[in-house]
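Remarks on the structure that follows.
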Amino acid sequence: MIIGAGIGGLCSAALLAGKGCRVTVIEKAAHAGGKARRFSIDGAEIDAGPTVFTLREVFEEIFAECGARLSDHVNVRPAETLARHAWSMDERLDLFADPDRSEEAIGDFAGAEAARGFRSMRAEAKRIYDILDAPLLRQGKVSWPPQFIRRIGLSRMGELSAVRPYESLWKVLGEHLKDQRLRQLYARYATYCGSSPFDAPATLMLIAHVEAKGVWLIEGGMSALARGLQNIGEAQGARYRFGSSVASIETNRGKASGVTLDSGEHIAADRVIVNADPAALANGRFGKNASRAARTHMRSNRSFSAMVWLSNAETIGFPLKRHNVFFSPDYEREFTDIRAGTPPRDPTVYVCAMDREKGEAVSGRERFQIIVNAPANGDTHTYSSEEREQCTRAMSRTLARCGLELEKDFRHQLLTPNEFESFLPSTGGAIYGRASHGWAASFLRQGTRTRIPGLYFAGGSTHPGAGVPMAALSGQLAARTVMTDLASTRRFHPAAMPGGMSMPSATTGNTG
């Protein structure tokens, strides 16, 4: 049984069904995708979730393990330009899939010293990624540094300090990038996991390497990826029940035994994977019995929420690419505002121009998702219409300062932390789970296993972290952990339960 058809849950479902497990996915929405969802605005379908697709190889591995090819289900092509960045009308910088082009562009933008700093920063980001990829990102969570040391091996113990866990991302970037605009650009990667670069460890430099490995454009957006994952799951025999909500996770003799839906229907299962924020479980959203499975965390440890504008509109002035970032002139104050519980007065703004393929101009209206970081206070503060309008004006000022003008009658739908709290209960609207602040953040994040045998977690709020590829890796880890646990009890030939997961008996064929 899998609760939630987000990216993590979809990956777990396909992989487990491919191994011969009977799998049912229960999803409260009418479609797969979780945070990778769409809204209809003025007749246009607009992505309201993640827009940047990286680490394509993770998905190629998952599709291959299910006997399929990613390219047969999803149209994916490389983006030549990673993103366009602006600080004012006269300060623009593009980064490219080709690192040599990026280095040349940075040299033209900020000088030869900046190009050398970019080169050294790239090298350190790659080193951090290479150290952590196999032993941490692709394996189960470790709870304390000694466990991590044992995993990477005593001979590589010195590499633990090389990932720079005790220094802030902002500080270490300053060692490479003296130009404060470039420092600001690469510090922004901390916000990819809903964290402040002034509080997050320099370990997050690895995100720069992940993006430099390639950004990909998906025809149909992330929801198309979700449909592809659902398709390969169905081909393996997984079942999906949409429009059904889980009221409680049931236990029997201390082990997970199934779920009860809001309708009162009970579905038995011998294993349950929860593709939801652990805070929802810890706060009793899935029943009292299951609440002991995970620890909650203080509101101060939540990742960021967001103000998200969805629009089908016309713009003038700025030559947009698919991914665009318009920076605040006072970056530190932006995070001070969020820490104080208010949206930034002078925010950095991300604009995804969904109809821009290679950067060519679009005639007439085009689809936009516009994002500003915000505090995760959707459960303690109600955003008034006046506050919503203030945020819209602040966002528009940032764009105008850099030369992008929105149409006068800017028709849009605005999602605030209130809407994200409704969508992600018990989080305050935190989109990325727990914030990655401090050296111990990776050790404190919820892992695959829980305190209840037979109950597991997957999703971007759990290990190994936030983002679409990390959510996929969490689903892969959950499936692997379930298979390990099933194998340990295989000699007992467990009976298959309706809607649950079990390995087929040695005396039966594959029942997937």
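No value in this document is a laboratory result; all are computed from the given coordinates. Being a predicted model, the structure only gives us computed values, none of them experimental. Cβ: placed from backbone, ideal geometry, glycine included. Neighbour counts: every protein chain shown.
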Calculated from backbone phi, Karplus (6.51, -1.76, 1.60) coupling profile of the stretch 76-82 in Hz, x at Gly/Pro
10, 9, x, 8, 5, 9, 5
Reachable aspartates and glutamates from K288, Cα under 12 Å, same-chain residues fewer than 8 places away excluded?
E250
For the stretch 400-440, the dipole about the Cα centre with charges only on Cβ (Lys and Arg +1, Asp and Glu -1), to the nearest 20 debye, works out at 160
Using only the Cα atoms of the chain, what semi-axes does the equivalent ellipsoid have when each is the square root of 5 times a gyration tensor eigenvalue? Give whole Å, largest first.
37, 26, 22
Report, in degrees rounded to the nearest 10, the 0 to 90 angle that the Cα long axis of helix 468-488 makes with the longest principal axis of the chain.
20
Amide H neighbours of Y383 under 5 Å, counting only residues 5+ apart in sequence or on other chains, H built in-plane at 1.01 Å?
N418
Applied in sequence order to the stretch 255-261, the curve 6.51 cos²θ - 1.76 cosθ + 1.60 (Karplus, θ = phi - 60°) yields integer Hz couplings, x standing for Gly and Pro, of 10, 4, 10, x, 9, 10, 7
For the stretch 1-136, what value does the Rg/Rh ratio take when both radii are computed over Cα atoms and Rh is the Kirkwood radius, given to two decimals?
1.07
Neighbourhood net charge (15 Å Cβ-Cβ; Lys/Arg +1, Asp/Glu -1) for A238
+3
Only helices counted: for the chain, with every DSSP H run of 4 or more residues adding -39500 (n - 2.57) and the sum spread over all residues, [θ] at 222 nm is -10000 deg cm²/dmol
How far is helix 56-65 tilted off the main Cα axis of the chain, in degrees rounded to 10, range 0 to 90?
20
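Give me S244, S488, S474, S303 sorted ascending by neighbouring Cβ count inside 10 Å, so fewest comes first.
Starting with the residue having the fewest Cβ neighbours, the order is S488, S244, S303, S474.
How about the stretch 69-107: which trypsin sites (Lys or Arg not before Pro) there are in a DSSP loop, with at most 15 other Cβ atoms within 10 Å of their Cβ?
Values: sites: R69, R84, R92, R101; in loops: R69.
Within the stretch 69-107, the qualifying trypsin sites (Lys or Arg not before Pro) (loop, at most 15 other Cβ atoms within 10 Å) are R69.
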If you line up the long axis of helix 222-236 against the longest principal axis of the chain, both from Cα atoms, how many degrees apart are they, to the nearest 10?
20
Convex hull around the C-alpha positions of the stretch 325-371: the volume in Å³ per residue is 95
Amide H contacts under 5 Å for Y456, placed H, 5+ residues apart
V272, I273, V274
Amide H neighbours of S248 under 5 Å, at least 5 residues apart or on other chains, H built in the peptide plane: list them.
T260
Setting aside same-chain residues fewer than 8 positions from K35, which aspartates and glutamates have a Cα under 14 Å from its Cα?
E27, D47, D277, E419, E421
Mind sorting K141, K28 by how few other Cβ atoms lie within 10 Å of their own Cβ, fewest first?
K28, K141
Fewest to most Cβ atoms within 10 Å: V274, V76 sort as V76, V274
What lysines sit close enough to K408 to cross-link, taking a C-alpha to C-alpha distance under 25 Å and skipping anything fewer than 8 places away on the same chain?
K321
Equivalent ellipsoid semi-axes, the stretch 304-423, via Cα gyration tensor eigenvalues times 5, rooted, Å
25, 16, 12
Positive-end extreme of charge dipole, the stretch 304-423 - chosen from T416, L406, A361 (charges on Cβ):
A361
Karplus-derived HN-Hα couplings along the stretch 271-285 (A = 6.51, B = -1.76, C = 1.60, θ = phi - 60°), whole Hz, x at Gly and Pro
9, 10, 10, 9, 9, 8, 5, x, 4, 5, 5, 4, 8, x, 5
